[in-house]
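The values are calculated or read from the model by the stated rules, or taken from the named source; none is laboratory data. Keep in mind it's a predicted model, so treat the numbers as computed, not measured. When we count neighbours, we look across all protein chains shown, and the Cβ atoms used for this are built from the backbone with ideal geometry, even at glycine. Accessible surface areas use protein heavy atoms only, side chains included; no ligands, DNA or RNA. Shrake-Rupley method; radii C 1.70, N 1.55, O 1.52, S 1.80 Å.
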Amino acid sequence: MSKTADAVAELVAPIIDSLGMELVEVDFSKTRQGDALTVFIDKEGGVSLDDCEAVHNAIDAPLDDLDPTDGKPYTLNVSSPGLDRPYKTARDYEKHIGTASEVSLFAPLEKLGKKFVAILENYDAESGDVTLDAAGKKITINKKDIALIREHIEF
């Protein structure tokens, strides 16, 4: 994350928590339309438009006080990260235990390659170790070696 995103995350996380939701990520990006600050939230059962509006209203004034862009205009967006989002937080991993997950690695594993589907069996937040069942073979990979992991969606 950028310094701006880090400062915003630190400010808004407790506000979002107080609304019964979780801060997943803050993204600060420059677009052709100008700077955009996007706050991704989640909660059990999914996020509604009303949830996004409630968070937007709750963080708008504190963000004005923080002035994360040093007076430059920006667009504030509050969004659900979506069904196909990568696992990022310890909570993401924990709630997907037992779930088929798409895994992409930075370097290939013997017999599995760089991309495969496996059942997420365990996540150790302290060590960053992710335990997977890939076609009956249990493997443990450190989170830093995983390029992308997200829920496997069958169509």
At 1.4 Å probe size, with every protein chain present, just tell me what the per residue accessible area of the chain comes to in Å². 59 Å²
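For region 19-124, what relative contact order do you get, as a whole percent, if you take Cα pairs closer than 8 Å and at least 6 residues apart?
Values: 128 pairs, mean separation 23.7, N = 106.
After rounding, I find 22 percent.
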Protein accessible area in the chain, 1.4 Å probe - carbon and sulfur %: 50 percent
Total charge of the residues flanking ALA100 in space, meaning their Cβ is under 9 Å from its Cβ, with Lys and Arg +1 and Asp and Glu -1, is -3
Rounded to the nearest whole Å³, what is the per residue volume of the convex hull around the Cα atoms of region 1-118? 133 Å³
